[in-house]
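For reference, the structure is listed below as structure tokens.
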Amino acid sequence: MSQPQSNGSPLVRIDGVEKYFQRGAEKIHVLAELNLTVAPGEFLALMGPSGSGKSTLLNLIGGLDRPTKGTVTVAGERIDQLSDRQLADWRARHIGFVFQLYNLIPVLNAERNVELPLLLTHLTGAQRAKHVAAALALVGLSHRAKHFPRTMSGGEQQRVGIARGIVTDPTLLLCDEPTGDLDRKAGDEILDLLGALNREQGKTIVMVTHDPHASARASRTVHLFKGQITSEAVK
Amino acid sequence: MKFAHLIWGNLARKKLRTTLTLLSILVAFVLYGILCAVKQALIGGVALAGADRLIVRHKVSIIQLLPESYQARMEKIPGVAAAVHQTWFGGIYQDPKNFFMQSPVVPEEFMRMFPEFLLPPEQMKAWLATRTGAVVGRNTADRFQFKIGDKIPIQSPIWGQKTWEFDLVGIYDGAKKGTDTTAMFFRYDFFNESRAERGKGLVGWYAIRVKDPAQAAEVAQRVDAEFENSPAETRTEPEGAFVQGFANQMGNIALIVASILAAVFFTILLVTGSTMSQAVRERLGELGVLKAIGFTNGQLLGFVLAESCLLALLGGGLGLGLAWLFAARGDPTGGMLPLFHLSTGDLVTGVAIALGLGLLTGIFPALTAMRLHVADALRRM
Ligand SMILES: Nc1ncnc2c1ncn2[C@@H]1O[C@H](COP(=O)(O)OP(=O)(O)OP(=O)(O)O)[C@@H](O)[C@H]1O
Ligand SMILES: [Mg+2]
């Protein structure tokens with residue numbers, strides 16, 4: 001499959017990846033012979049019907065899981081060969097996640113939620129506070145820093161989720177249906193935000209979505225069907 | 001500790017559940033503290049008993065009396081340094097529930113035998129100069145607000161129903177924290193003269209000091225052999241065993257205390273264990289998020305353990321604190337348990353039990369959190 005190569009080597013390279021889950025005696029094939037590259041600075045949308053393997057693929061790119069076969073290379077590193085412990089450290093350094101259900105920690109306020117990834121760095125409390133404030137300002141929620149998730153709307157919670165995803169300035173931002181639980185207006189705000197992060201900060205983003213409206217914002221869209229890439233469109 | 005609010009926030013998540021669990025841990029540790037103080041009161045005397053002292057009593061029972069003349073014979077037995085006698089006076093001060101022990105003694109030799117009773121020299125002099133003089137321990141003096149110079153009337157049902165009147169000439173203190181300072185001592189010569197004819201020349205029991213504590217067992221045998229086949233045969237035991245004998249009359253206290261506490265802590269283990277496993281089960285998704293962010297398995301294990309240990313130490317600490325405050329007010333029975341106090345050793349053990357409780361109730365949920373597969377956990381959200 002041909003990929004648009006921007007400048008030189010890709011940021012993510014998926015080579016001959018196969019993934020199946022063992023459920024009792026049954027093998028569930030989810031991804032088969034999959035190849036994909038993501039160039040630095042790209043905003044890639046992954047589309048496909050439910051169960052087609054989108055989240056599974058995203059998890060492989062983000063080092064949450066390992067392929068059954070094939071290689072996953074991110075920023076020059078073969079992450080399919082890392083141990084659990086090494087993967088955890090690697091995720092902390094390279095990946096920001098944004099989830100469909102925001103997945104904020106309910107007992108922590110907005111700024112404490114955003115601070116979480118920074119707790120894994122060597123930054124001092126004052127330095128962490130500076131980064132948190134900057135991330136919250138970027139998503140336009142400085143005034144809600146002390147508020148708890150349950151007091152915020154879905155769109156606001158998702159913006160906190162994005163702030164948490166980018167606060168460490170990760171190599172890759174991975175979003176699994178970030179607008180899936182929001183109405184059109186709030187969803188658009190999130191997409192605007194992701195678009196701005198991609199354009200203005202050069203963030204590389206891989207976003208899973210069901211929504212053609214959302215994928216229209218991406219620079220490239222890849223369609224998955226039964227674990228295989230069936231088509232792709234470059235904008 | 002930068003993770004503190006994460007751990008604290010999780011504890012505070014279900015306030016009612018955390019409070020109830022804390023309260024049950026607290027109650028268990030209050031109970032622990034008080035039972036330890038009671039146990040200390042009942043058997044603590046054993047540890048304080050002089051290693052070089054033997055107690056000689058009538059072979060049949062402690063109530064049977066021994067001749068006063070035994071003292072001189074005991075002091076001639078090889079290995080015996082000194083012998084003094086005491087007698088159960090069994091008197092009542094105003095009301096039977098104002099119980100404290102009284103005994104007639106020969107002042108100078110008695111105080112030499114029991115150096116743990118500290119009496120100022122001028123009070124000792126006054127005692128020797130006053131036939132009706134008596135001394136009481138600090139505990140009892142405080143309890144009834146006795147002052148030197150007071151006349152203390154004591155009824156004695158044993159030694160004639162009449163009221164005996166003593167002049168308080170001294171108040172002694174204990175050399176150690178646990179020393180029993182509840183007893184009142186008065187002069188044997190005054191007692192012997194004043195009591196009914198049939199009892200004259202008889203005493204309750206003897207305390208012997210041996211020259212070498214290592215020889216105590218042999219000396220005890222020699223003493224009992226000396227009085228064998230006499231009308232009043234003796235039974236000689238180390239002082240510790242004598243005190244233990246008193247305690248044993250109330251059953252094996254240590255065992256009873258241990259079994260009650262075992263039952264209580266087993267219950268608490270279940271309560272806290274279920275709280276902790278619920279706490280982890282209801283946030284598997286969040287644990288998955290933390291893992292996705294890059295928190296390691298070891299860190300999540302640590303968080304859950306920290307949470308359970310904090311819960312147990314908080315409840316345990318408050319409980320032990322309350323028990324300590326209670327024990328610090330002294331004997332709650334007003335005289336029955338003079339040695340009632342919560343020892344440092346029992347406090348330290350209590351803290352260790354709380355820590356053990358925290359680790360034990362946290363470890364299984366913590367392992368669940370640690371083994372959680374991150375992709376599976378995220379599916380649960
Ligand atoms: N841990 C697992 N054990 C067993 N089967 C799994 C596991 N994870 C995923 N699957 C299966 O793999 C298939 C693809 O799952 P995946 O979550 O990647 O789909 P998806 O494209 O993200 O779907 P959706 O749009 O519904 O989120 C599904 O049939 C799912 O049941
Ligand atoms: Mg999915």
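Coordinate-derived values only; no laboratory data. Just so it is clear, the model here is predicted, and its values are computed rather than measured. Note that we place each Cβ from the backbone using ideal geometry, even for glycine, and neighbour counts take in every protein chain shown.
Structure notes:
- Residue among A:165, B:326, B:203 farthest towards the positive dipole end of the protein assembly as shown, charges placed on Cβ: A:165
- Extension gain for residue B:371 to residue B:16 (0.36 nm times residue separation, less C-alpha to C-alpha distance): 124.9 nm.
- Here region B:50-84 is scanned for amide nitrogen atoms under 15 Å from the site 7 Å beyond the Cα of residue B:233 along Cα-to-Cβ, giving B:57-62.
- Region B:49-248 - Rg (one decimal) and Dmax (whole number), Cα, Å: 16.7, 48
- Nearest-0.05 FRET efficiency for residue B:31 and residue A:137, computed from C-beta distance (R0 56 Å): 0.55
- Helix A:84-94 axis versus longest C-alpha principal axis of chain A: approximately 60°, rounded to the nearest ten.
- Neighbour-limited loop hits for trypsin sites (Lys or Arg not before Pro), region B:186-232 (at most 15 other Cβ within 10 Å; DSSP other than H, G, I, E, B): B:200, B:211
- For chain B, a simple Cβ point-charge model (Lys and Arg +1, Asp and Glu -1, everything else neutral) yields a dipole of about 1640 debye relative to the Cα centre.
- Förster-model FRET efficiency, 60 Å R0, residue A:50 and residue B:349, C-beta, rounded to 0.05: 0.55
- Placing a pseudo-label 7 Å from each Cα along the Cα-to-Cβ vector at residue B:215 and residue A:93 gives an inter-label distance of 7.9 nm.
- For residue A:29, net neighbour charge (Lys/Arg +1, Asp/Glu -1) across residues whose Cβ lies under 13 Å away: +2
- FRET efficiency for residue A:226 and residue A:183, using Cβ-Cβ distance with R0 set to 35 Å, rounded to 0.05: 0.70
- Computed from Cα positions, the angle between helix B:284-293 and the longest principal axis of chain B comes to roughly 70 degrees.
- Residue list for region B:72-108, given a label point 7 angstrom along the Cα-to-Cβ vector of residue B:128 and an amide N cut-off under 11 Å: B:107-108
- The relative contact order of region A:1-135, computed from alpha carbon pairs under 8 Å that lie at least 6 residues apart in sequence, is 21 percent.
- Its DSSP H runs of at least 4 residues, each contributing -39,500 (n - 2.57), put the calculated 222 nm mean residue ellipticity of the protein assembly as shown at -14500 deg cm²/dmol, to the nearest 500.
- Kirkwood Rh and Cα Rg combined as Rg/Rh, region B:43-166: 0.96
- In whole angstrom, region A:106-170 maps to an equivalent ellipsoid with semi-axes of 18, 11, 10, each derived as √(5λ) from the alpha carbon gyration tensor and ordered largest first.
- In plain terms, the chain from residue A:151 to residue A:23 could stretch by 42.1 nm, reckoned as 0.36 nm per residue minus the Cα-Cα distance.
- Approximate spin-label separation residue B:360-residue A:192, in nm, with each point projected 7 Å along Cα-to-Cβ: 5.9 nm
- Peptide B:290-302 is shielded by partner chain Cβ atoms: per residue, an average of 6 of them sit within 10 Å of its Cβ.
- Contour minus Cα-Cα distance for residue B:193 and residue B:266 (0.36 nm per residue): 20.3 nm
- Distance (nanometres) between label positions extended 7 Å along Cα→Cβ at residue B:151 and residue B:3: 7.5 nm
- Relative contact order of region B:103-246, defined on C-alpha pairs under 8 angstrom at six or more residues apart (%): 26 percent
- Inverse of mean 1/r across different Cα pairs in chain A, Kirkwood, Å: 18.2 Å
- Semi-axis lengths, Å, chain B, gyration tensor of Cα atoms, sqrt of 5 times eigenvalues: 59, 22, 16
- Chain A: relative contact order in percent, alpha carbon pairs under 8 Å with at least 6 residues between: 28 percent
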